[in-house]
Amino acid sequence: METIPQLFNYAVEQYRNQPVLLEPTDGNSISILSYLQVRERMQQFAGYLQSQQAQKGERIMIWSASRADWLIAYFAAVLLGMVVVPVDVNSKEDFITRLIEATGARFLLTTQKQFETLPSLPLTFIDIDNLPQAAFDPSALPTIAKDDLASLVFTSGTTGQPKGVMLSHYNITSNALSAVEVVDIRPQERALSILPLSHMFELTIDLAIFYVGASVTYARSLAPDTLFRLFASQRITLMVLVPQVLQLFMNGIDREVRRQHKEKIWERLHSVAALLPFSLRRYLFGSVHKKLGGHFRFFVSGGAYLPPALGSRWENMGVRVHPGYGTTECSPVVSVTRKHDHHMESAGQPLPGVEVRIAPDNEILVRGPNITQGYWNNPEATAAAFEGEWYRTGDLGFLDKQNRLYIKGRKKNLIVLSNGMNVYPEDVENAFQGNIDLKDVVIMGLENEDRGPEVHAILLMEQPDQAKARAAIQQANKRLASHQQIKGFTIWPESDFPRTHTLKVKRQEVFSQLTTLRKEQKIH
């Protein structure tokens, strides 16, 4: 199974009338599409693209929130050999304009409201709220090869000339099928989707869910009350998310515990649970499992580093968490923890068929069928990203004797002190776990004229308070080695850090504002 249409057709023939794509509609109702209904809708839209003389290799951009019609349009486009350019719904108009210019996209699939924000552009608008239909001609389909381009994925935060990751049909299908081998996704599984389909993590896992006969519900709102209603009404069993969302869920639970003044008994339950077999822990935390709908089995966490303490906290409550690691260039999954080999500190073992090795400078290198063909019209960037067949991830880490991968952080974020000692920002950020006065923290290296680079903390607080900030730094320093000690701090003045669509902090934007903020706060 080497192409996305092959995977799609296999799934439809296997599971025909089973539900697969669900989403809330107006009110409290849910739209449900079976595998056969998805194929029918897909062929109708593919027929429209055929009527527009869409050609193999042409680019079609999807600028929309995740929904059933997003995936239907994707399947239709790749069936015709088109290249999908998925873009985060929150991307700005100037970024969209640059991507259209860079890719030569002929079609733009978005809402009427979003399309009206753009200047006049030389391409065809398709309203995703009303996918057009026409007669489908299967005899006119092109031959799709495994190495044909399927997706062209750009980073929403890209500045200057956009850099697009080229992913073939086989890059994506091989990754989805390898994930199925190691992640316990069962038939009739019910997944809740909150990540954008424009991100490869969500798209690849949705293809895996499609392949095994499970279903996915697309949430139209990220409001906690709405999500918890979906957990219950749709009997959700799994969820793919980023660590920041896992932390937000935990913060909500902790706030409720504090509201009921049950902090002491809560901590005692966690202490006891850590000593119990995993299958018994859920009985100590019945209220949490009820909140998750009563059928929930596990989270898969990716897209950013998962603090081990956060993952362990969920596991104490009888909710399995599978940390993983990947990059867009790897379609995107490189590794994930297995059910039978569960180490919260690691990002698990590489997927079947994926190889990982560590370079002399500790950079993580990856090769396998999931690795990108390179960057769109950018041979210089492509050459710089590869060492022979090995893709250079830009991340630092190591492998243990069981071939488990451990992530230390981004190579470009590493702080090298004047004495040659290395400080990994993620290790220092972990020292703040559990501090109720902080919402988040970013660690960076700042140059001191006399002493060279020093560790500096930027604190996102529940309520800005200099005394609480100093106390947080002192508490963290007690947990840190001598070379990791935080020498200064800045309180972030806004309600949140600037973030990507997967909620990772845009460190460069934070750094660019630091000089001004430190002057305003008289430097700490």
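Quick note: the coordinates plus some simple rules give every number you see, no bench work behind them. Worth saying up front: this structure is predicted, and the values here are computed from it rather than measured. All Cβ positions, glycine included, derive from the backbone under ideal geometry; neighbour counts span all protein chains shown.
Report the normalised scattering of the range 242-411 as log10 I(q)/I(0) at q = 0.12, 0.14 Å⁻¹, calculated by the Debye formula with identical scatterers on the alpha carbons.
Reported log10 I(q)/I(0), two decimals: -0.63, -0.78.
Over its Cα atoms, what ratio of radius of gyration to 2.2 N^0.38 Å does the range 1-42 give?
Values: Rg = 12.1 Å, N = 42, 2.2 N^0.38 = 9.1 Å.
Normalised Cα radius of gyration, the range 1-42: 1.33.
If you fit an axis through the alpha-carbon atoms of helix 93-103 and take the longest principal axis of the Cα set of the chain, what angle between them do you get, 0 to 90°, nearest 10?
That works out to roughly 60 degrees.
Once both axes come from the Cα atoms, what is the angle between helix 169-182 and the longest principal axis of the chain, in degrees from 0 to 90, rounded to 10?
Helix 169-182 sits at roughly 60 degrees to that axis.
Using a/c under 1.5 as the rounded threshold, could you call the range 4-209 rounded, prolate or oblate? The axes a ≥ b ≥ c are square roots of the C-alpha gyration tensor eigenvalues, and prolate needs a/b larger than b/c, oblate otherwise. If you can, show how the numbers build up before the last one.
Details: a/c = 1.33, a/b = 1.31, b/c = 1.01.
Note, shape of the range 4-209 comes out rounded.
Rounded to the nearest whole Å³, what is the per residue volume of the convex hull around the Cα atoms of the chain? Spell out each step's value before the answer.
Numbers: hull volume 86.3 nm³, N = 524.
Taking the convex hull of the Cα positions in the chain, it is 165 Å³ per residue.
How much of the DSSP bridge set in the chain is antiparallel, in percent, rounded to the nearest 5? Present the calculation step by step, with values, prior to reporting the outcome.
Numbers: 45 of 80 bridges.
Percent antiparallel among DSSP bridges in the chain is about 55.
Pairing the Cα long axis of helix 68-79 with the longest principal axis of the chain, what angle in degrees results, from 0 to 90 and rounded to the nearest 10?
Once rounded, one gets 60 degrees.
Over the chain, what is the relative contact order in whole percent, taking alpha-carbon pairs under 8 Å and six or more residues apart? List each step's numbers first, then the result.
Numbers: 985 pairs, mean separation 56.4, N = 524.
Contact order relative to length: 11 percent.
Give me R320, R59 sorted ascending by neighbouring Cβ count inside 10 Å, so fewest comes first. Intermediate values should be presented prior to the final figure.
Values: R320 18, R59 23.
Fewest-to-most ranking of R320, R59: R320, R59.
Could you compute how fast the range 27-73 diffuses translationally, taking Rh as the Kirkwood radius over C-alpha pairs and applying Stokes-Einstein at 4 °C with viscosity 1.567 mPa s? Give it in µm² per second.
Numbers: Rh = 12.4 Å.
In µm²/s, the coefficient rounds to 104.
With a/c under 1.5 counting as rounded, go ahead and sort the range 15-118 into rounded, prolate or oblate using the C-alpha gyration tensor (a ≥ b ≥ c being the square roots of the eigenvalues; past the cut-off, prolate if a/b is larger than b/c, else oblate).
Values: a/c = 2.53, a/b = 1.33, b/c = 1.91.
Since a/c reaches 1.5 but b/c is at least a/b, the shape of the range 15-118 is classed as oblate.
Among T490, T124, which comes first, second and so on when ranked by fewest other beta-carbon atoms within 10 Å?
Details: T490 23, T124 14.
Final ranking by Cβ density, sparse to dense: T124, T490.
Projecting each Cα onto the charge dipole of the chain (Lys/Arg +1, Asp/Glu -1 at the beta carbon, about the Cα centre), which of Y35, A76, L230 comes out farthest on the positive side?
About the Cα centre, the residue reaching furthest to the positive side is L230.
Using helices alone, what [θ] at 222 nm do you get for the chain, with -39,500 (n - 2.57) per DSSP H run of 4 or more residues, divided over all residues and rounded to the nearest 500? Don't skip to the end; give the middle numbers.
Values: 17 runs with 180 residues, N = 524.
Roughly -10500 deg cm²/dmol at 222 nm, from the helical runs in the chain.
Per residue and in cubic angstrom, what volume does the convex hull of the Cα atoms of the range 452-501 have? List each step's numbers first, then the result.
Values: hull volume 5.8 nm³, N = 50.
Value for the range 452-501: 115 Å³ per residue.
Looking at this model, which pairs from K339/K408; K163/K408; K264/K290; K408/K519; K291/K506; K290/K408 are more than 27 angstrom apart at the alpha-carbon?
On the way: K339/K408 23 Å; K163/K408 25 Å; K264/K290 21 Å; K408/K519 31 Å; K291/K506 32 Å; K290/K408 36 Å.
Over 27 Å apart, Cα to Cα: K408/K519; K291/K506; K290/K408.
By count of other Cβ within 10 Å, fewest leading, how are I32, I473 ordered? It would help to have the intermediate numbers written out before the result.
Numbers: I32 15, I473 21.
Neighbour counts put them in this order, fewest first: I32, I473.
Hey, what D do you get for the range 389-430 in µm²/s if you plug the Kirkwood alpha-carbon radius into Stokes-Einstein at 25 °C and 0.890 mPa s? Mind dumping the intermediate values first?
On the way: Rh = 11.7 Å.
Estimated diffusion coefficient is 210 µm²/s.
What fraction of the DSSP beta bridges in the range 4-209 is antiparallel, stated in percent and rounded to the nearest 5? Please list the in-between numbers first.
Details: 10 of 23 bridges.
Looking only at bridges with both residues in the range 4-209, the antiparallel portion is about 45 percent.
Based on the alpha-carbon gyration tensor of the range 414-520 and its eigenvalue square roots a ≥ b ≥ c, which shape applies: rounded if a/c is under 1.5, prolate if not and a/b is larger than b/c, or oblate?
Details: a/c = 1.44, a/b = 1.24, b/c = 1.16.
The shape class here is rounded.
Counting other Cβ atoms within 10 Å, keep those with at most 11, restrict to DSSP loop, and tell me which GluC sites (Glu not before Pro) in the range 462-524 are left. Spell out each step's value before the answer.
Details: sites: E462, E494, E509, E520; in loops: E462, E494.
Filter output for the range 462-524: E494.
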